[in-house]
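What follows is a short report on a single structure.
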Amino acid sequence: MADWQGSGHNDVAGEPFRHWDDAAENPDGVPTTCAKCHSSAGYQDFLGLDGSEAGKVDAAVPAAEAQGIQCVACHNAGTISKTTVVFPSGVEIKAGDDVRCMECHQGRESKVSVDGLIAKFGENVDPDAVPAPVKDDQGKDVVLGFRNVHYYAAAATLYGGMTHGGYEYDGMGYDSKNTHVEGYDSCTGCHNPHTLEVKVEQCATCHEGVASVDDLKNIRMVSSTPDYDGDGNAEEGMYYEIEGLQEALMAEITKYAAGTAGAEIKYDAATYPYFMGADGKAYPNWTPRLLKAAYNYQVSLKDPGAYAHGNKYIVQLLFDSITDLGGDTSKLARTDAGHFAGNTMPFRDWDLTEDGQPNYMVPFGCVKCHTAQGLPTFIKDGGTTVVTSSGTTSTTGVQSMPSSNGFMCSTCHNEEAWPERYAVTNVVFPSGKTVSFGGKDADGNWVADDANLCISCHMGRESTSSVNNALKGKDPDTVDAKIRFKNIHYFAAGATIFGNDAQGAYQYEGKEYLGQNMHADEEGKMNKCQDCHDVHALEPKVESCETCHDTTDPTTIRESEVDYDGDGDVTEGIKGEVDTLAEALYAQLQTYAAANGGAIEYNPAAYPYFFGADGKSYATWTPRQLRAAFNYQYSQKDPGVYVHNPKYIIQILIDSIEDLGGTVTTYTRPEVPAPAQ
């Protein structure tokens with residue numbers, strides 16, 4: 001009781017509860033549109049505890065009865081069993097006790113309502129013109145005006161792209177729920193439910209230097225490597241990154257309003273409706289484009305804890321608003337490094353079903369590498385990678401899981417022995433081959449290495465074995481309608497590095513292939529994932545290349561005078577050799593297809609990548625063609641293949657060209673050294 005008495009919920013003299021006291025202006029008191037969150041009686045009405053229909057407020061509440069959010073608002077028969085909450089976008093979220101909080105801390109607008117308002121002015125409304133008023137169903141004029149998200153919409157920030165509280169631009173991806181560590185990923189996990197204060201002392205357990213709420217502004221996770229606001233400081237807290245982007249957006253809003261919209265605009269955080277014209281009155285010249293950006297600016301400001309609740313979602317809203325207004329974003333950043341980019345396809349691919357319904361469940365075959373908890377669960381449960389009878393790969397030990405907003409610290413770091421990383425002694429590849437960056441000890445036992453964590457996912461999903469299994473018993477040059485393209489998957493760097501030891505690419509029978517590429521002969525000299533890549537930013541440590549190669553540009557490096565691609569240039573980087581051979585293979589694929597009465601085109605951005613003349617999935621595969629296409633895709637989907645194991649991929653490309661009937665006499669295939677005696 002004492003905790004609650006000093007909280008904002010009991011600030012009965014404050015504006016949230018006294019706004020309707022003027023009987024002349026508000027004869028009915030707190031209206032039904034406001035009563036749910038500004039009176040205890042209204043909240044109970046919404047829950048249906050007064051016998052009325054649940055899910056809406058039926059009656060206004062007398063102003064005198066608006067005496068804060070009292071105990072009975074949250075502690076009653078309705079809230080005890082309540083597990084869902086519907087946001088202004090219409091999206092329903094299932095959660096625990098926090099649904100009590102989220103009913104009010106969700107805002108009152110969304111992308112859906114902003115788009116709905118704009119749609120009233122016609123399908124082809126000019127985004128940069130002030131539309132003429134239109135009539136509503138009652139014959140009243142509707143003008144395009146500012147939409148206010150409302151206040152303390154923490155849940156909308158927290159759930160991000162799941163509930164669409166901000167204005168999300170079409171075609172752009174947005175972060176999902178910002179999941180913090182277990183026990184601190186909910187309203188009451190981080191806030192005292194009665195004082196409403198942040199449990200700062202518990203934040204300090206993991207975040208050094210935190211002694212007050214203000215100190216939380218300085219927090220920045222190691223996963224937040226970009227300089228989002230472009231001020232040259234990539235170490236400041238996320239609060240300040242957002243602040244910098246807010247300033248940049250306000251500058252663009254001001255410029256656009258005075259120019260395109262034709263009227264000066266000012267922002268006053270303390271005066272409704274916040275955006276004012278030169279005369280101090282409500283801004284009059286709203287265009288659809290200006291409304292979207294101004295709405296997002298307000299969203300970013302009216303949740304004072306946005307930098308903690310969903311900072312990346314806010315960064316994305318601000319960045320996109322600046323972009324849409326024509327601002328220069330060349331020095332700004334929107335997206336994190338791949339492992340932490342919750343707004344990108346590797347983490348958002350399963351958010352909706354095929355018919356557009358919310359899903360947010362990742363199937364068992366994908367959870368290991370596309371959820372935050374998949375890999376640690378796989379390791380703890382002793383999961384393995386196997387080749388099924390159909391030739392596809394699958395994982396055991398991991399079931400379907402809720403989608404994630406990128407990886408978390410606990411994806412690689414063992415929480416039970418923090419900050420140690422999970423010890424992985426060896427990795428079984430889709431081919432069934434077992435490898436380890438740690439090698440074997442004197443007793444023949446596999447030795448753990450941090451890089452094994454990386455290749456547990458960066459291994460691909462297919463192999464020589466799975467391709468052979470899929471094509472078993474088929475004539476190599478006969479079209480078979482049952483053949484479907486097999487995709488290696490993406491960033492299979494581990495398979496490339498280990499070459500023949502992993503057999504991730506398609507290896508032709510009777511040919512010899514190189515195994516693990518030891519970048520340097522000495523142990524510990526740039527031979528492992530963490531040697532060459534920043535483990536959080538993921539970027540290559542190109543400055544390390546300069547020590548031996550006198551350059552920080554890996555694309556220019558070559559350690560051989562052999563002209564593998566036969567173009568007469570022995571000074572180009574080894575990447576040039578690989579690229580030329582890849583181009584030659586693609587041309588040979590097209591030649592082979594034409595000889596068999598068809599056409600084939602490759603689109604690296606559209607699944608399943610190979611298409612026929614009709615623009616549909618290529619459907620006239622022969623086994624020979626599929627093997628070569630598999631290897632072409634392999635060469636394209638490991639963008640660092642020319643560093644990871646260039647000679648191995650050169651072997652693969654030359655053999656594919658040869659098998660398709662291409663001439664390879666001008667090429668030089670790398671030799672496989674004789675085994676050491």
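The values are calculated or read from the model by the stated rules, or taken from the named source; none is laboratory data. From a predicted model like this one, the values you see are computed outputs, not experimental measurements. Don't worry about glycine lacking a Cβ; one is built from the backbone with ideal geometry, like all the others, and counts go over all protein chains shown. Just the protein is used for accessible areas: all its heavy atoms, side chains included, with ligands, DNA and RNA removed. Shrake-Rupley method; radii C 1.70, N 1.55, O 1.52, S 1.80 Å.
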Exercise. Quick one: which residue in Val125, Val72, Val130, Val114 is open to solvent by 30 Å² or more (accessible area, probe 1.4 Å) and in a helix (DSSP H, G or I)?
Key: Val72
Quiz item: So which helices (runs of 4 or more DSSP H) are wholly in region 590-677 and hold at least 2 residues that are of a type in the set (Ser, Thr, Tyr) and open to solvent by less than 60 Å² (accessible area, probe 1.4 Å)?
Solution: 623-637, 646-659
Quiz item: Any residue at all in region 334-357 that is out of contact with any Cys (no Cβ under 9 Å at 6 or more places or on another chain), touching a residue at least 24 places away in the same chain (Cβ under 8 Å), under 20 Å from Leu117 (Cα atoms) and assigned to a helix (DSSP H, G or I)?
Solution: no
Practice problem: Would you kindly identify the helices (runs of 4 or more DSSP H) lying entirely within region 401-474 that contain at least 2 residues that are open to solvent by 30 Å² or more (accessible area, probe 1.4 Å) and either touching an Asp or Glu at 6+ places or on another chain (Cβ under 8 Å) or of a type in the set (S, T, N, Q) (or both)? | Solution: 464-471
Quiz item: Exactly one of (1) small (Gly, Ala, Ser); (2) under 15 Å from Leu158 (Cα atoms); (3) open to solvent by 40 Å² or more (accessible area, probe 1.4 Å) is unmet by Ala306. Its number?
Solution: (3)
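Residue by residue, here is whether (1) at pLDDT 95 or above; (2) open to solvent by 50 Å² or more (accessible area, probe 1.4 Å); (3) in a loop (DSSP other than H, G, I, E, B) holds:
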residue	(1), (2), (3)
Asp170	yes, yes, yes
Gly173	yes, no, yes
His180	no, yes, yes
Thr195	yes, no, yes
Gln202	yes, yes, no
Val210	yes, no, yes
Leu216	yes, no, no
Tyr228	yes, no, yes
Asp231	yes, yes, yes
Quiz prompt | Pairs with Cβ under 6 Å, 6+ apart, first in region 32-57 and among the basic types (Lys, Arg) and assigned to a helix (DSSP H, G or I), second open to solvent by 30 Å² or more (accessible area, probe 1.4 Å) and modelled with pLDDT under 95 | solution = none
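For (1) among the aliphatic types (A, V, I, L, M); (2) more than 24 Å from Leu117 (Cβ to Cβ); (3) out of contact with any strand residue (DSSP E or B) (no Cβ under 6 Å at 6 or more places or on another chain), each residue gets a yes or a no:
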site	(1), (2), (3)
Thr205	no, yes, yes
Asp215	no, yes, yes
Asn218	no, yes, yes
Gln246	no, no, yes
Tyr256	no, no, yes
Ala263	yes, no, yes
Thr271	no, no, yes
Leu301	yes, no, yes
Tyr307	no, yes, yes
Self-check item: Contacts under 8 angstrom Cβ, first residue in region 424-437 being at pLDDT 95 or above, partner of a type in the set (Phe, Trp, Tyr) and open to solvent by 20 Å² or more (accessible area, probe 1.4 Å), 6 or more apart
Solution: Thr425/Trp446; Asn426/Trp446; Thr434/Trp446; Ser436/Trp446
Quiz item: Hey, among the residues in region 89-125 that are free of Cβ contacts under 8 Å to residues at least 60 places away in the same chain and farther than 29 Å from Leu144 by Cα, which one's nearest to the chain's Cα centre (by Cα)?
Solution: Lys94
Quiz item: What number of residues within region 284-297 are over 24 Å from the mean Cα position of the chain (by Cα) and either surrounded by fewer than 24 Cβ atoms within 10 Å (Cβ to Cβ) or not in a loop (DSSP other than H, G, I, E, B) (or both)?
Solution: 8
